[in-house]
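Since every read-out is calculated from the coordinates, none of them should be taken as a lab result. On a predicted model such as this, the values are computed, not experimentally measured, just so you know. Cβ atoms come from the backbone with ideal geometry, glycine included; neighbour counts cover every protein chain shown.
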Amino acid sequence: MPRQPQLRQPGDVAPELMDSMDAAKVAKAVAGLPEKHRAALNWCYVIDPRSKEASPGRACKKLGTSLQGLADLLRDARQMLINRGA
C-alpha cells in the first residue's frame, strides 16, 4: 500500500537552501497580478491545508467562481508569472 503524502510545514526547508533574492522576486511578481489571481495563488500555496479556508468550495465562494474557474485562475496566474520571468 502506498504511503500517504506528507504535507510540508513552514520551516521544512533549511534556511541555507532558500534563495531570499528569488523569493523577493517571486513575491514582487505575485503582488503585480490581478487580485483574483493573487487570491487563487494564496489559496493554493499559502493557506494551511488543514484549515477551513483550504476548502476549494470556500475558495470558489470567496472568489465568486466555480471549481473550473478556480482552476483557470491558478493556471492563468502561473502562466503570468512565467511570462514575467518570475
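Under the 0.36 nm per residue contour assumption, what length would be gained going from the current alpha-carbon distance of residue 67 and residue 24 to full extension?
Values: separation 43, 0.36 × 43 = 15.48 nm, distance 2.98 nm.
Additional length available on full extension: 12.5 nm.
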Pop a pseudo-label 7 angstrom from the Cα along the beta-carbon direction at both residue 46 and residue 79 and give the gap in nm to one decimal. 2.4
Lysines with Cα under 23 Å of residue 61, excluding same-chain neighbours fewer than 8 positions away: 36, 52
